[in-house]
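Enquirer: Would you mind keeping the following structure in view while I ask a few things?
Computed from the coordinates by the stated procedures, all read-outs in this text should not be read as laboratory data. Not measured: the values here are computed from a predicted model. Here Cβ is always computed from backbone atoms with ideal geometry, including for glycine, and neighbour counts include all displayed protein chains.
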Amino acid sequence: MSIRAIVTDIEGTTSSISFVKDVLFPYAADKLPGFLAAHWQQPAVQAQIRALATLTNDPVDDAVAANRVLQQWIAEDRKATPLKALQGMIWRQGYEDGDYQAHVYPEVPDRLRHWHQQGIALHVYSSGSIAAQKLFFGYSDAGDLTPLFTGYFDTTTGPKQEADSYRKIAEAIGIPAELTLFLSDIPAELDAARDAGMVTTLLDRDGQFTDQSCSHPRVTSFDDIHP
């Protein structure tokens with residue numbers, strides 16, 4: 001049976017980790033204090049502040065307190081949904097202002113278009129919020145790639161290293177797990193997807209793995225993937 005859906009990670013898979021680590025994260029960290037102060041009363045922001053307070057088990061009474069926790073989480077690269085949601089709000093302004101464009105590896109757009117033309121349903125599953133994912137591919141250095149994608153998933157679905165998250169994705173997209181290919185540069189994520197029944201492929205962009213050190217099919221480029 002042939003693959004009917006592809007679910008892809010972003011960092012290290014479609015796009016360089018350095019763009020996220022060296023451009024997006026510092027940008028959000030720099031803009032965060034002013035953003036919180038200016039938008040503190042907005043319902044969308046307050047919803048994330050309430051979620052932040054729930055995770056910390058402490059009241060978050062003002063923008064200064066929220067910034068203190070969030071800056072620590074940025075430094076720790078925490079995959080917490082409130083942080084990711086607020087980062088996405090800040091990144092939107094940066095994209096719209098033309099402060100940067102999202103990086104995608106050179107071969108990725110053509111491969112995505114080819115799979116899309118073949119009728120394969122393309123989805124994204126990333127620790128970044130769904131809003132941030134749409135911005136990323138909407139403002140990529142290859143142009144707007146969002147028309148190629150059918151759906152997006154983030155940590156509201158569940159942790160990326162737990163098999164149940166991938167079961168939920170398979171159910172949501174309505175395609176059997178065994179007909180769905182998951183792409184990532186993280187073996188533990190691929191392990192979870194495989195445990196849920198998905199087909200898996202490791203993107204080893206920097207050649208750091210060997211066939212013996214990873215139990216998943218390994219490629220260095222989207223050009224090497226033939227679903």
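Enquirer: Calculate the dipole size of the stretch 1-57 relative to its Cα centre from +1 charges on Lys and Arg beta carbons and -1 charges on Asp and Glu beta carbons; express the result in debye to the nearest 20. Before the final figure, lay out the partial values.
Expert: Details: 4 positive and 4 negative charges, 40 e Å.
Result for the stretch 1-57 is approximately 180 debye, rounded to the nearest 20.
Enquirer: Which shape class applies to the stretch 103-159: rounded if a/c is under 1.5, otherwise prolate when a/b exceeds b/c and oblate if not, where a ≥ b ≥ c are the square roots of the Cα gyration tensor eigenvalues?
Expert: Details: a/c = 2.19, a/b = 1.38, b/c = 1.58.
Oblate shape, in that a/c is at least 1.5 and b/c is the bigger or equal ratio.
Enquirer: Residue by residue through the stretch 60-72, which ³J(HN,Hα) values in whole Hz follow from phi under the Karplus form 6.51 cos²θ - 1.76 cosθ + 1.60 (θ = phi - 60°), with glycine and proline marked x?
Expert: Using θ = phi - 60°, the values come out as 10, 8, 8, 5, 5, 5, 4, 4, 4, 5, 5, 5, 5 Hz.
Enquirer: What are the lysines whose alpha-carbon lies under 19 Å from the alpha-carbon of Lys21, with same-chain residues fewer than 8 places away excluded?
Expert: Partners within reach: Lys31, Lys79, Lys84, Lys134, Lys160.
Enquirer: Taking Cα extents along the principal axes in Å straight from the coordinates, which label in (1) 55, 39, 36; (2) 54, 36, 33; (3) 45, 43, 34 is the correct one?
Expert: (2)
Enquirer: Moving to a separate point now. Write out the chymotrypsin sites (Phe, Trp or Tyr not before Pro) in the stretch 66-161 meeting two conditions: DSSP loop, and at most 14 other Cβ atoms within 10 Å of their Cβ.
Expert: Numbers: sites: Trp73, Trp91, Tyr95, Tyr100, Trp115, Tyr125, Phe136, Phe137, Tyr139, Phe149, Tyr152, Phe153; in loops: Tyr100, Tyr139, Phe149.
Answer in residue order: no site qualifies.
Enquirer: At a temperature of 20 °C and a viscosity of 1.002 mPa s, determine how fast the stretch 96-227 diffuses translationally according to Stokes-Einstein, using the Kirkwood radius over alpha-carbon pairs as Rh; express D in µm²/s, rounded to the nearest whole number.
Expert: Numbers: Rh = 15.5 Å.
The estimated diffusion coefficient comes to 138 µm²/s.
Enquirer: I've got another one for you. Evaluate the charge dipole of the stretch 19-96 about its Cα centre and quote only its size in Debye, nearest 20, assuming +1 on the Cβ of each Lys and Arg and -1 on the Cβ of each Asp and Glu.
Expert: Working: 8 positive and 8 negative charges, 40 e Å.
Dipole size: approximately 200 debye.
Enquirer: Per the helix-only calculation at 222 nm, which mean residue ellipticity applies to the chain, given -39500 (n - 2.57) for every DSSP H run of n ≥ 4 and division by its residues, nearest 500 deg cm²/dmol? List each step's numbers first, then the result.
Expert: Values: 8 runs with 98 residues, N = 227.
That calculation yields -13500 deg cm²/dmol at 222 nm.
Enquirer: Compute the relative contact order of the stretch 19-96 as a whole-number percentage, counting only Cα pairs closer than 8 Å that sit 6 or more residues apart in sequence.
Expert: This gives 41 percent for the stretch 19-96.
Enquirer: Which of the trypsin sites (Lys or Arg not before Pro) found in the stretch 163-214 are in a DSSP loop and have at most 16 neighbouring Cβ atoms, other than their own, within 10 Å? Don't skip to the answer; put the middle values down first.
Expert: On the way: sites: Arg167, Lys168, Arg194, Arg205; in loops: Arg205.
Passing sites in the stretch 163-214 are Arg205.
Enquirer: With +1 on each Lys and Arg Cβ and -1 on each Asp and Glu Cβ, and nothing else charged, work out how big the dipole of the stretch 87-199 is about its Cα centre, in Debye to the nearest 20. Display every interim value, and only then the final one.
Expert: Values: 8 positive and 16 negative charges, 51 e Å.
Roughly 240 debye for the stretch 87-199.
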